[in-house]
Amino acid sequence: MRTSGHCFDQNYIAGAFVPVTGEERVDIVNPATEAVVGQARLASRDDARRAVEAAMRAQPAFARTTVAERVTLLERLEASTLAHAGEILEATITEYGGPIARAQWVASYASQCFGDAARTLAGYAFERRIGGSLVVMTPVGVSGLFAPWNSTAGTMASKLAAAIAAGCATVVKPSELSPWQADVMARAIHAADLPPGVVNVVTGRGADVGAEIGTHPGVVKLSFTGSTQTGKLIARGAVDTMKRVSLALTGKSASLLLEDADLDAALPLALGAAFMNSGQACVAGTRLLVPRGRMPEVVERIRTAVAALRVGDPHDPETAIGPMVGRAQFERVQHFIRRGLEQGATLIAGGEGRPGGIDRGWFVRPTVFADVRPDMDIAREEIFGPVLSVLPVDSEEEAIAVANDSPYGLQAYVFTTDAERARRVASRLEAGTVLINRVAPDLQAPFGGVKQSGVGREFGLLGLEAFLEPKTITTA
């Protein structure tokens with residue numbers, strides 16, 4: 001997909017790199033410097049149709065491959081993606097400003113997805129007896145996979161791994177904001193030497209390329225990661241052809257700091273959850289619920305900790321907060337900081353504008369508000385930037401109620417020294433995942449949201465089954 005000078009003007013279709021036919025060209029801008037570092041030509045609806053047709057041609061034979069054959073393909077993808085880890089790292093940092101620690105995790109995670117899927121597949125029973133019938137798990141068919149800019153390589157890998165394990169040919173549409181990351185992944189996929197058409201990659205806008213994939217009658221399954229607003233459009237468009245749909249959508253995750261929490265251990269984790277990936281993460285814990293009696297101590301500790309966070313060059317290992325992906329996201333974060341002030345929250349760290357000493361790049365000041373009410377915009381909307389709202393609560397019961405008072409339910413965090421209490425609280429939280437005294441996910445466990453945070457699950461066994469359908473065979 002790459003030509004000279006970081007110009008991306010090819011799609012990956014039917015096992016080959018082919019010219020993009022779309023006319024729109026977009027600049028790739030390094031958000032840390034505002035310098036143009038490349039250009040991409042975006043795919044057209046015709047490109048998307050060709051990709052779907054390639055997947056349709058590949059599907060019948062791919063569906064008949066053996067488990068051993070697909071395990072081998074996944075192991076080749078694991079090795080190939082690992083071999084491209086350095087390029088994934090550089091593209092992630094340069095294209096959207098992911099801090100190097102986060103970018104290193106994504107580069108490793110992308111490879112790990114294929115290895116995890118190979119191991120899951122090797123032990124999976126595709127046939128089982130239920131009642132008096134034989135139930136056979138079969139590939140759902142050609143699948144459209146949509147990856148966001150803030151984790152392009154990782155999301156492409158996790159969705160592809162499950163689809164390939166199940167025996168589904170795919171068309172991948174990365175965000176138009178991430179052509180560089182998509183290019184590296186396409187080349188890693190090509191190097192793994194999969195059957196032509198099993199994986200096709202077209203980078204374009206959702207309004208044309210995404211809509212074509214989402215409504216094409218040859219596509220049977222859609223797996224989308226992104227905003228709830230876009231997810232609803234995809235779900236509506238899928239209804240006419242009864243596509244199976246998995247959606248991982250918006251989050252507004254709550255972190256519950258219970259009365260007995262060890263602040264030395266819990267607060268660094270809570271801040272890590274809030275500011276992960278510079279706050280540009282759907283699972284960011286951007287609501288911190290604190291017992292009212294502990295608020296003064298917590299506020300002072302947070303003020304000190306945030307003052308020590310390094311904001312700047314994402315290549316610097318000491319950097320904790322990199323830039324926002326672009327001007328529009330920078331302005332969105334500034335808007336919510338102003339709303340927090342206008343609605344009466346107490347600013348305890350950060351605020352409007354760039355950090356001191358930085359005069360270019362889409363950097364924002366890591367910002368924390370205290371005395372936040374549950375009805376404030378900053379407590380209800382996904383900001384997608386390093387803005388943390390601290391809400392005082394008077395009891396565990398109130399903490400649970402406030403955490404659940406959201407249209408979203410993707411992830412939650414609980415910090416306590418009482419294991420039994422943690423499990424009790426977790427059981428009452430309306431979230432697809434609850435992490436207790438940790439912020440790192442379990443990549444073998446199901447991931448997905450409840451309420452308006454999504455439909456379906458990814459990762460591990462349930463992620464595999466999202467691309468399978470049961471066929472019941474009953475004999476007289």
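Cα gyration tensor of the range 42-169, axes a ≥ b ≥ c as square roots of the eigenvalues: rounded (a/c below 1.5), prolate (a/b > b/c) or oblate? Oblate shape, in that a/c is at least 1.5 and b/c is the bigger or equal ratio. For the chain, lysine pairs separated by 8 or more sequence positions, or belonging to different chains, with Cα-Cα distances below 14 Å total 7. For the range 1-83, GluC sites (Glu not before Pro) meeting the loop criterion (DSSP other than H, G, I, E, B) and having at most 15 other Cβ atoms within 10 Å: E23, E24, E34. Classify the range 1-111 as rounded, prolate or oblate from the Cα gyration tensor: take a ≥ b ≥ c as the square roots of its eigenvalues, call it rounded if a/c is under 1.5, otherwise prolate when a/b beats b/c and oblate if not. Since a/c reaches 1.5 but b/c is at least a/b, the shape of the range 1-111 is classed as oblate. Think of it as helices only: each DSSP H run of n ≥ 4 in the chain is worth -39500 (n - 2.57), and spread over all residues that comes to -12000 deg cm²/dmol at 222 nm. Here the chain is treated as a Stokes sphere of Kirkwood radius computed over C-alpha pairs; at 37 °C and 0.692 mPa s its diffusion coefficient rounds to 143 µm²/s. For the chain, the longest principal axis of the C-alpha atoms and the axis of helix 263-275 are separated by about 50°. Counted residue by residue at 0.36 nm each, then reduced by the alpha carbon distance between them, the extension gain from V450 to R294 reaches 53.1 nm.
Where a ≥ b ≥ c are the square roots of the eigenvalues of the C-alpha gyration tensor, would you call the range 186-266 rounded, which needs a/c under 1.5, or, failing that, prolate if a/b is larger than b/c, or oblate? It is oblate, given that a/c is not under 1.5 and a/b is not larger than b/c.
Computed from Cα positions, the angle between helix 85-96 and the longest principal axis of the chain comes to roughly 60 degrees. For the range 397-476, the spherically averaged projection of the C-alpha convex hull amounts to 7.7 nm².
Hey, what did the chain get for relative contact order, percent, Cα under 8 Å, at least 6 apart?
For the chain, the relative contact order is 18 percent.
Compute the helix-to-body angle for 45-63: its Cα long axis versus the longest principal axis of the chain, expressed 0 to 90° and rounded to tens. Compared with the principal axis, the helix lies near 70 degrees.
Here, each number is a calculation from the coordinates, and none is a lab measurement. It should be emphasised that the depicted structure is a prediction, and the values quoted were computed from it without experimental measurement. Reconstructed Cβ throughout: ideal geometry from the backbone, glycine too, with neighbour counts over all protein chains shown.
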